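Undergrad: Handing you this structure, nothing more for now.
Readers should treat all values here as calculations from the given coordinates under stated rules, not as data from a laboratory. Keep in mind that what you see is a predicted model, and the values were worked out from it rather than measured. Reconstructed Cβ throughout: ideal geometry from the backbone, glycine too, with neighbour counts over all protein chains shown.
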Amino acid sequence: IDDVLARCEAKADLNAIITPTAEIAREQAAASDAAIADGKARPLEGIPFTIKDNFCTMGVRTTAGSKILENFVPQYESTVTQRLWDAGAVMLGKVNMDEFGMGSSTTSSYFGATGNPTALDLGLSDIVPGGSSGGSAAAVAAGLGLASLGTDTGGSIRQPASFCGIYGMKPSYGLCSRWGIISYASSLDQAGVLARSPRDIATTLNVISGEDAKDSTSYTGAYPDLTANLGQDLKGKKIGIPKEFFHDKNTAHTQIVWDALQKKAAELQFEIVEVSLPNIAYALQAYYVIALSEASSNLARYDGVRYGHRAENVKSIDDLYEQTRSEGFGAEVKRRIMLGTYCLSAGHYDQYYQRACKIRRMITEDFNTALQSVDVLAWPTTPTSAFSAKAHSSDPVEMYLEDVFTVPVNLAGLPAMSVPLGQCEQGLPLGLTIAAGHLQDAEVIGVADGFF
Ligand code: GLN
């Protein structure tokens, strides 16, 4: 732990960790030493983690990357982080993210941008680590801890994992409790893990998953040990590739991933089967209507009274709300609150929110149908490798288009993992997404592990 804390300090320029917790880490490490000496080692004893800054951590500042929560210190701990500490894990610090999880580059954080360590190693500066869990991906890629907790509403774990050349998994909706996680879009938000192997992801998910009385959407049934399928042989497996992604949405970089998948199929003797997701062309639009609508409602709570930033010198309560929110939220968050409020308003609700929910149902059914004939589905995680921090900065819709391959599984609540596969001409990593049916998380992990 001393070594890894020294490494965190040495890599402070990366701006992955925005609130270091060295003192807590040393206390937890001492407790781990004691547990080991007693012969009572727990599953994650002494394993260093970083935590995305939208998990509430008791007594430790939790900002969600926003000025409005700059000085917010929760008096409670999220269920999933509590489960990590109970299993012996060690917290190195809280890591950077796009403000409230809204973004794909970690450039919308109030605390500044985070570097992409894989790009920096190649001598490429100014390349984003992806987002919104960019701090988590950069920390893991730079060796600041073994794994990181992230959240994924529309790709925020898988896309940064792909951009930084590591593994990242969003489990089935409901597998991890959302209690104590700062909400973005509640029907889509899921906690998950970024790490350097499917085994590390499975071991961590085994600890943090499961029913929680404090989250009514947490899954209450039994699910298998998530390490059960590690080391499996992929021979004879059927991997479905959605033809809409393959034919209509191909880019030079996705072609590299498709080719690498074909090569793996020959080497490992699994079968590639073309499947169809007929309504997938509407996924991005439906996602942005649903996510922004839910966000506009969730973010109504930041009014300057209960949490964080409060405007000074105000004349009335309305003035307090207005000034606090004007000062506290960044431009992207304001844009999304306005769009979401519009989509939910009387007269527009049917046209936008309700229609998006219908499309969501159709896409879920498309996935269920496609998964009847194959074991898992696979496709490239992103349209391109990690992009420059300057790209997409003038047109928000361009940034939204980056999420075209990641949002569909959130709409359907499915488990999905991005695994590193291939690289672009500059040497930047690319990723393949493996997705399966609801609660088939162990299958996703098994196939990801079988690839290498
Ligand atoms: N980039 C997507 C968005 O901005 C996904 C973000 C996320 O998963 N939190 O909404």
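Undergrad: How would you rank 222-229, 163-170, highest first, on the average number of other Cβ atoms within 10 Å across their residues?
TA: Top of the packing list down: 163-170, 222-229.
Undergrad: Now, a different point. Taking the mean number of other Cβ atoms within 10 Å as a proxy for protection, how do you rank 200-210, 408-418, 245-255 from highest to lowest?
TA: 408-418, 200-210, 245-255
Undergrad: A further question on this structure: Whole number please: convex hull volume per residue of the Cα set in the stretch 41-152, in Å³?
TA: Normalising the Cα hull of the stretch 41-152 by residue number yields 90 Å³.
Undergrad: Related question: What distance in nm separates the two pseudo spin-label positions at residue 306 and residue 187, each 7 Å out from Cα along the beta-carbon direction?
TA: 2.2
Undergrad: Taking amide hydrogens as modeled 1.01 Å from N in the peptide plane, which residues meet the under 5 Å criterion relative to residue 105, leaving out close sequence neighbours?
TA: It is 131, by chain and number.
Undergrad: Using Cα pairs closer than 8 Å and at least 6 residues apart in sequence, work out the relative contact order for the chain, in percent.
TA: RCO, the chain: 18 percent.
Undergrad: What number results when the radius of gyration of the stretch 86-209, computed over Cα atoms, is divided by 2.2 N^0.38 Å?
TA: 0.98
Undergrad: How large is the direction-averaged shadow of the alpha-carbon convex hull of the chain, in nm²?
TA: Taking the Cα atoms of the chain, their convex hull projects to 21.5 nm² on average.
Undergrad: Hey, for a label at residue 75 modelled as a point 7 Å past Cα toward Cβ, could you say which residues of the stretch 303-326 have their backbone N under 16 Å away?
TA: 305-308
Undergrad: If you take the beta carbon distance between residue 6 and residue 122 as r and set R0 to 25 Å, what does 1/(1 + (r/R0)^6) give as a FRET efficiency, to the nearest 0.05?
TA: In this case the efficiency is close to 0.55.
Undergrad: Relative to 2.2 N^0.38 Å, what does the C-alpha radius of gyration of the stretch 285-350 come to as a ratio? Two decimals please.
TA: 1.21
Undergrad: If you take the square roots of the eigenvalues of the alpha-carbon gyration tensor of the stretch 341-452 and sort them as a ≥ b ≥ c, do you get rounded (a/c under 1.5), prolate (a/b over b/c) or oblate?
TA: Because a/c hits 1.5 or more and a/b fails to exceed b/c, the stretch 341-452 counts as oblate.
Undergrad: Tell me the label-point distance for the pair residue 354, residue 273, using the 7 Å Cα-to-Cβ offset, in nm and rounded to one decimal.
TA: 3.8
Undergrad: Okay, next question. When only Cα pairs under 8 Å and 6 or more residues apart are kept, what is the percent relative contact order across the stretch 218-376?
TA: Value for the stretch 218-376: 31 percent.
Undergrad: Using packing as a proxy for protection, rank 190-198, 281-289, 71-79 so that the peptide with the highest average count of other Cβ atoms within 10 Å comes first.
TA: The densest-packed peptide leads the list: 190-198, 281-289, 71-79.
Undergrad: Calculate the spin-label point distance for residue 26 paired with residue 394, positioning each point 7 Å from the Cα along the beta-carbon direction, and give it in nanometres.
TA: Once both label points are built, they end up 5.0 nm from each other.
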